[in-house]
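S.K.: If you scroll down you'll find the structure; I have some questions about it.
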Amino acid sequence: MNTTNLFQKELNPNENLLWYGKPKQGILLHASDKTQIPFSILWAGFAFFYEYNALTMTDDLFSQLWGVPFIIIGIHMLIGRFFYDNYQRKFTDYAITNERIIIATGNHNKSFKSILLKNLPQLQFISHEDTYGTIIFGDNDVFDKFFMQFPYQKDTTPRFEYVKNCDEPYRIIKELVNKN
(Lines give C-alpha, C1' and ligand atoms only; values in the text may rest on other atoms or scores of the structure.)
Protein backbone atom coordinates (compact mmCIF):
# COMPACT_ATOMS: atom_id res chain seq x y z
CA MET A 1 0.00 0.00 0.00
CA ASN A 2 1.43 3.39 -0.91
CA THR A 3 1.82 6.12 1.70
CA THR A 4 -0.95 8.38 0.37
CA ASN A 5 -3.59 5.63 0.51
CA LEU A 6 -2.36 4.54 3.94
CA PHE A 7 -3.12 7.95 5.46
CA GLN A 8 -6.18 8.82 3.36
CA LYS A 9 -8.10 6.04 5.11
CA GLU A 10 -7.23 7.54 8.51
CA LEU A 11 -8.34 11.10 7.83
CA ASN A 12 -11.40 12.74 9.39
CA PRO A 13 -14.03 14.25 7.01
CA ASN A 14 -12.61 17.83 7.01
CA GLU A 15 -8.98 16.82 7.37
CA ASN A 16 -6.45 17.35 4.57
CA LEU A 17 -3.14 15.56 4.08
CA LEU A 18 -0.45 18.28 3.76
CA TRP A 19 2.77 16.25 3.86
CA TYR A 20 3.91 12.65 4.19
CA GLY A 21 7.27 10.92 4.27
CA LYS A 22 9.42 8.07 5.53
CA PRO A 23 12.56 7.88 7.65
CA LYS A 24 15.94 7.31 6.05
CA GLN A 25 16.52 3.67 5.10
CA GLY A 26 19.61 1.57 5.67
CA ILE A 27 21.93 1.01 8.59
CA LEU A 28 22.26 4.13 10.76
CA LEU A 29 24.30 5.09 13.79
CA HIS A 30 22.38 6.96 16.50
CA ALA A 31 23.73 9.22 19.22
CA SER A 32 23.07 6.47 21.78
CA ASP A 33 25.55 4.21 19.96
CA LYS A 34 28.42 6.01 21.68
CA THR A 35 27.51 4.00 24.80
CA GLN A 36 25.85 1.02 23.17
CA ILE A 37 28.76 -0.06 20.97
CA PRO A 38 31.34 -0.28 23.79
CA PHE A 39 28.81 -2.05 26.03
CA SER A 40 28.02 -4.51 23.21
CA ILE A 41 31.69 -5.29 22.68
CA LEU A 42 32.20 -5.93 26.41
CA TRP A 43 29.09 -8.12 26.65
CA ALA A 44 29.90 -10.19 23.57
CA GLY A 45 33.58 -10.45 24.50
CA PHE A 46 32.75 -11.79 27.94
CA ALA A 47 30.15 -14.20 26.54
CA PHE A 48 32.59 -15.60 23.95
CA PHE A 49 35.38 -15.81 26.55
CA TYR A 50 33.10 -17.70 28.95
CA GLU A 51 31.90 -20.09 26.25
CA TYR A 52 35.40 -20.76 24.98
CA ASN A 53 36.56 -21.61 28.50
CA ALA A 54 33.49 -23.77 29.16
CA LEU A 55 34.06 -25.76 25.97
CA THR A 56 37.81 -26.25 26.45
CA MET A 57 38.08 -26.68 30.22
CA THR A 58 35.07 -28.72 31.27
CA ASP A 59 32.93 -31.61 30.16
CA ASP A 60 29.88 -30.27 32.05
CA LEU A 61 27.09 -29.87 29.48
CA PHE A 62 25.22 -27.33 31.62
CA SER A 63 28.29 -25.05 31.80
CA GLN A 64 28.83 -25.40 28.06
CA LEU A 65 25.22 -24.51 27.24
CA TRP A 66 24.95 -21.74 29.85
CA GLY A 67 26.85 -19.23 27.69
CA VAL A 68 24.91 -19.84 24.46
CA PRO A 69 22.01 -17.41 25.26
CA PHE A 70 24.54 -14.74 26.24
CA ILE A 71 26.37 -15.21 22.94
CA ILE A 72 23.08 -14.86 21.04
CA ILE A 73 22.27 -11.67 22.96
CA GLY A 74 25.80 -10.39 22.30
CA ILE A 75 25.51 -11.01 18.56
CA HIS A 76 22.19 -9.16 18.50
CA MET A 77 23.71 -6.27 20.45
CA LEU A 78 26.71 -6.07 18.13
CA ILE A 79 25.00 -6.59 14.77
CA GLY A 80 21.35 -7.59 14.94
CA ARG A 81 20.02 -4.38 16.45
CA PHE A 82 21.15 -2.39 13.41
CA PHE A 83 19.13 -4.65 11.10
CA TYR A 84 16.13 -4.55 13.47
CA ASP A 85 16.26 -0.74 13.57
CA ASN A 86 16.37 -0.65 9.76
CA TYR A 87 13.43 -3.09 9.59
CA GLN A 88 11.37 -0.87 11.89
CA ARG A 89 12.13 2.27 9.85
CA LYS A 90 11.23 0.42 6.64
CA PHE A 91 7.64 0.09 7.91
CA THR A 92 7.31 3.56 9.45
CA ASP A 93 5.46 6.40 7.73
CA TYR A 94 4.88 10.01 8.78
CA ALA A 95 2.13 12.48 7.88
CA ILE A 96 1.03 16.02 8.66
CA THR A 97 -2.58 17.09 8.24
CA ASN A 98 -4.24 20.41 8.93
CA GLU A 99 -5.30 18.99 12.35
CA ARG A 100 -2.64 16.57 13.55
CA ILE A 101 0.63 14.74 13.18
CA ILE A 102 0.39 11.01 12.41
CA ILE A 103 3.03 8.32 12.87
CA ALA A 104 2.23 4.90 11.37
CA THR A 105 4.35 1.89 12.36
CA GLY A 106 4.25 -1.83 11.70
CA ASN A 107 4.29 -4.15 8.73
CA HIS A 108 1.08 -6.16 8.46
CA ASN A 109 -0.91 -4.50 11.26
CA LYS A 110 -0.28 -0.76 11.08
CA SER A 111 -0.43 1.13 14.35
CA PHE A 112 -1.27 4.84 14.17
CA LYS A 113 -0.21 7.44 16.71
CA SER A 114 -1.70 10.93 16.42
CA ILE A 115 -0.81 14.20 18.06
CA LEU A 116 -3.29 17.04 17.72
CA LEU A 117 -1.53 20.21 16.65
CA LYS A 118 -3.45 22.25 19.22
CA ASN A 119 -2.07 19.94 21.96
CA LEU A 120 1.53 19.86 20.72
CA PRO A 121 3.61 20.22 23.90
CA GLN A 122 6.92 21.29 22.37
CA LEU A 123 8.69 21.13 19.03
CA GLN A 124 12.41 20.37 18.59
CA PHE A 125 14.37 20.25 15.35
CA ILE A 126 17.68 18.37 15.02
CA SER A 127 19.68 18.64 11.81
CA HIS A 128 21.69 15.60 10.72
CA GLU A 129 24.19 15.05 7.93
CA ASP A 130 23.24 16.01 4.37
CA THR A 131 19.61 17.12 4.21
CA TYR A 132 18.21 14.80 6.90
CA GLY A 133 16.73 15.88 10.20
CA THR A 134 14.59 14.82 13.12
CA ILE A 135 11.55 16.60 14.57
CA ILE A 136 10.74 15.71 18.18
CA PHE A 137 7.21 16.37 19.44
CA GLY A 138 7.68 17.02 23.15
CA ASP A 139 10.55 17.03 25.61
CA ASN A 140 12.12 14.25 27.63
CA ASP A 141 11.83 14.69 31.35
CA VAL A 142 14.90 14.46 33.58
CA PHE A 143 14.15 10.77 34.27
CA ASP A 144 14.18 9.91 30.54
CA LYS A 145 17.36 11.90 29.89
CA PHE A 146 19.15 10.11 32.73
CA PHE A 147 18.18 6.62 31.58
CA MET A 148 18.92 7.36 27.90
CA GLN A 149 22.61 7.28 28.89
CA PHE A 150 22.32 3.54 29.56
CA PRO A 151 22.67 1.05 26.73
CA TYR A 152 19.51 -0.11 24.95
CA GLN A 153 17.15 2.45 26.41
CA LYS A 154 14.92 3.82 23.65
CA ASP A 155 13.48 7.32 23.78
CA THR A 156 9.69 7.06 23.54
CA THR A 157 9.03 10.72 22.72
CA PRO A 158 7.10 10.82 19.40
CA ARG A 159 9.22 11.99 16.46
CA PHE A 160 9.76 12.15 12.74
CA GLU A 161 13.21 10.56 12.66
CA TYR A 162 15.82 10.98 9.89
CA VAL A 163 13.51 12.67 7.39
CA LYS A 164 14.96 13.95 4.10
CA ASN A 165 14.52 17.72 3.62
CA CYS A 166 13.20 17.88 7.18
CA ASP A 167 13.00 21.67 7.14
CA GLU A 168 9.85 21.40 4.97
CA PRO A 169 7.69 19.40 7.44
CA TYR A 170 9.14 21.48 10.29
CA ARG A 171 8.06 24.70 8.56
CA ILE A 172 4.57 23.28 7.89
CA ILE A 173 4.12 22.27 11.52
CA LYS A 174 5.32 25.65 12.82
CA GLU A 175 2.89 27.47 10.52
CA LEU A 176 -0.01 25.26 11.59
CA VAL A 177 0.82 25.67 15.29
CA ASN A 178 1.03 29.47 14.88
CA LYS A 179 -2.41 29.51 13.21
CA ASN A 180 -3.98 27.74 16.18
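S.K.: With respect to the numbered conditions (1) open to solvent by less than 70 Å² (accessible area, probe 1.4 Å); (2) part of a loop (DSSP other than H, G, I, E, B), which one is the sole condition not fulfilled by LEU29?
M.R.: Here LEU29 meets the rest and fails (1).
S.K.: Shifting gears a bit: Given the structure, is ILE79 free of Cβ contacts under 8 Å to residues at least 12 places away in the same chain, of a type outside the set (Gly, Ala, Ser) and out of contact with any strand residue (DSSP E or B) (no Cβ under 9 Å at 6 or more places or on another chain)?
M.R.: Working: free of Cβ contacts under 8 Å to residues at least 12 places away in the same chain: yes; of a type outside the set (Gly, Ala, Ser): yes; out of contact with any strand residue (DSSP E or B) (no Cβ under 9 Å at 6 or more places or on another chain): yes.
The answer is yes for ILE79.
S.K.: Ok, one more. Quick one: count up the residues across the stretch 113-143 that are in a strand (DSSP E or B) and farther than 22 Å from LYS164 by Cβ.
M.R.: Within the stretch 113-143, the subset in a strand (DSSP E or B) is 113-116, 123-127, 132-137.
Pick out the ones that are also farther than 22 Å from LYS164 by Cβ and you get 114, 116.
So the count comes out to 2.
S.K.: Report, by residue number, each residue of the stretch 55-82 that is open to solvent by 80 Å² or more (accessible area, probe 1.4 Å), over 30 Å from LYS24 (Cα atoms) and not charged (D, E, K, R).
M.R.: LEU55, THR56, MET57, LEU61, PHE62, LEU65, TRP66
S.K.: Identify all residues within the stretch 66-98 that are under 14 Å from the mean Cα position of the chain (by Cα) and farther than 30 Å from ASN12 by Cβ; write none if there are none. Give the steps one after another, and end with the answer.
M.R.: Narrowing the stretch 66-98 to residues under 14 Å from the mean Cα position of the chain (by Cα): 81-94.
Selection gives ARG81, PHE82, PHE83, TYR84, ASP85, ASN86, TYR87.
S.K.: Further, regarding this structure: Checking the conditions here, which among ASP155, ASP130, ASP85 is within 30 Å of ILE37 (Cβ to Cβ), open to solvent by 50 Å² or more (accessible area, probe 1.4 Å), among the charged types (D, E, K, R) and at pLDDT below 95? First the steps, then the outcome.
M.R.: Working: ASP155 fails: open to solvent by 50 Å² or more (accessible area, probe 1.4 Å); ASP85 fails: open to solvent by 50 Å² or more (accessible area, probe 1.4 Å).
Testing whether each residue is within 30 Å of ILE37 (Cβ to Cβ), open to solvent by 50 Å² or more (accessible area, probe 1.4 Å), among the charged types (D, E, K, R) and at pLDDT below 95 leaves just ASP130.
S.K.: Just the residues that are outside any loop (DSSP other than H, G, I, E, B) and surrounded by fewer than 13 Cβ atoms within 10 Å (Cβ to Cβ), please, taken from the stretch 158-173. Explain how you work it out, then say what you get.
M.R.: Quick first cut of the stretch 158-173, residues outside any loop (DSSP other than H, G, I, E, B) only: 159-164, 167-173.
Correct list: ARG171 only.
S.K.: Determine whether TYR52 is surrounded by fewer than 13 Cβ atoms within 10 Å (Cβ to Cβ), under 15 Å from the mean Cα position of the chain (by Cα) and over 18 Å from LEU18 (Cβ atoms). Step through it out loud before you land on a result.
M.R.: On the way: surrounded by fewer than 13 Cβ atoms within 10 Å (Cβ to Cβ): yes; under 15 Å from the mean Cα position of the chain (by Cα): no; over 18 Å from LEU18 (Cβ atoms): yes.
Judged against the criteria, TYR52 is not a match.
S.K.: What number of residues within the stretch 88-112 satisfy the criterion of being in contact (Cβ under 8 Å) with a residue 60 or more places away in the chain and outside any helix (DSSP H, G or I)? Walk me through how you get there before you give the answer.
M.R.: In the first step, residues of the stretch 88-112 are kept if they are in contact (Cβ under 8 Å) with a residue 60 or more places away in the chain; the result is 89-90, 92-102, 104, 110, 112.
Within this subset, residues satisfying the condition of being outside any helix (DSSP H, G or I) are 92-102, 104, 110, 112.
Adding up the residues that qualify gives 14.
The values are calculated or read from the model by the stated rules, or taken from the named source; none is laboratory data. Being a predicted model, the structure only gives us computed values, none of them experimental. Ideal geometry is used to build each Cβ from the backbone, glycine not excepted, and the neighbour counts take in all protein chains shown. The accessibility values were calculated without ligands, DNA or RNA, using every heavy atom of the protein model including side chains. Shrake-Rupley method; radii C 1.70, N 1.55, O 1.52, S 1.80 Å.
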